[in-house]
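Here's the structure we're looking at; comments come further down.
No lab work stands behind these numbers, since they all come straight from the coordinates. Nothing here was measured: the structure is a model prediction, and the numbers come from that model. Note: ideal-geometry Cβ built from the backbone for every residue, glycine included; neighbour counts use all protein chains shown.
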């Protein structure tokens with residue numbers, strides 16, 4: 001897969017990214033079926049297979065359980081090969097999510113992620129919204145703190161991963177990358193994606209397969225046919241399924 005610009009960040013990402021939720025957490029999930037958390041040997045093989053398949057974008061978060069630590073353990077030696085994003089605002093401990101969007105919490109979270117991921121830099125850090133997008137943007141120091149950390153060199157790009165069109169539109173003026181839910185059954189962000197592309201913002205799609213409820217072939221043709229979308233983040237624990245998604249992405253690119 002040929003990497004393409006992630007908006008105006010200076011980063012380039014492949015059309016398929018790897019969402020690292022399932023390698024670290026299997027409680028409090030929204031997938032239609034449960035799954036066992038993989039052991040470390042399995043995660044090691046899977047993460048390295050992801051890079052070997054040509055995927056150069058990996059997305060994680062503190063709320064993804066062991067995910068950050070496992071990426072740091074098994075991919076630190078290949079850090080120059082991929083673009084890495086994580087998030088701030090949500091943690092998951094003792095079976096439940098907790099949210100803290102204060103400036104102090106954001107700084108702690110970024111420092112903790114650097115340590116867990118065993119890296120000296122983060123490419124993109126997203127605000128991990130709890131669903132109340134406008135309150136986070138208007139009533140907390142979360143986004144200003146990330147912008148400050150970017151100016152200090154702790155990260156290259158600031159992102160916002162929200163749930164509402166209104167929140168994404170308001171955040172769009174101040175951030176570099178938007179992560180939005182968008183798929184065949186939910187096209188509510190279609191107009192926003194076009195607006196963001198016009199402004200040079202990177203667009204990363206989450207839940208592009210509706211958490212496993214939609215077939216990959218039709219879904220990926222739909223998503224990757226949209227020039228405004230930089231990358232579609234897809235999770236999974238099966239390297240064969242990931243390889244199939246990569247082949248679909250290549251076919252979609254060839255058909256453009």
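To make sure I understand, if each residue's beta carbon is the centre and we count other beta carbons within 10 Å, what order do 183, 77 fall in, fewest to most?
Values: 183 20, 77 9.
Ranked by crowding around the Cβ, least crowded first: 77, 183.
Where the eigenvalues come from the Cα gyration tensor of the range 19-159, what are the semi-axes √(5λ) of the equivalent ellipsoid, largest first, in whole Å? Before the final figure, lay out each step's value.
On the way: eigenvalues 123, 75, 27 Å².
Result for the range 19-159: semi-axes of 25, 19, 12 Å.
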Rounded FRET efficiency, nearest 0.05, which uses the C-beta distance separating residue 102 from residue 4 and R0 of 41 Å: 0.70
Determine the relative contact order of the range 1-127: mean sequence separation of Cα pairs under 8 Å and six or more apart, normalised by residue count, in whole percent. 24
When DSSP assigns beta bridges and you keep just the ones with both residues in the chain, what percent turn out antiparallel, to the nearest 5? 20
Quick one: plug the Kirkwood hydrodynamic radius of the chain (C-alpha pairs) into Stokes-Einstein at 4 °C, 1.567 mPa s, and report D in µm²/s. 72
Nearest-5 percent of antiparallel DSSP beta bridges in the range 1-103? 55
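Sort 13-22, 147-156 by the packing proxy (mean of other Cβ within 10 Å over each peptide's residues), most packed first.
Top of the packing list down: 13-22, 147-156.
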Label-to-label distance, nm, for residues given as residue 49 and residue 221 (7 Å Cα→Cβ offset): 2.6
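If packing is taken as the mean number of other Cβ atoms within 10 Å per residue, what is the order of 161-170, 27-36, 237-246, highest first? Mind showing how you got there, number by number?
On the way: 161-170: 19.8, 27-36: 9.8, 237-246: 16.0.
Ranking the peptides 161-170, 27-36, 237-246 by packing returns 161-170, 237-246, 27-36.
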For the chain, what does the relative contact order come out to in percent, with C-alpha contacts under 8 Å and a separation of six or more? 22
Point-to-point label distance, residue 237-residue 152, nm (Cα→Cβ direction, 7 Å offset): 3.8
By the mean-Cβ-within-10 Å protection proxy, highest first, 193-204, 80-91 rank as 80-91, 193-204
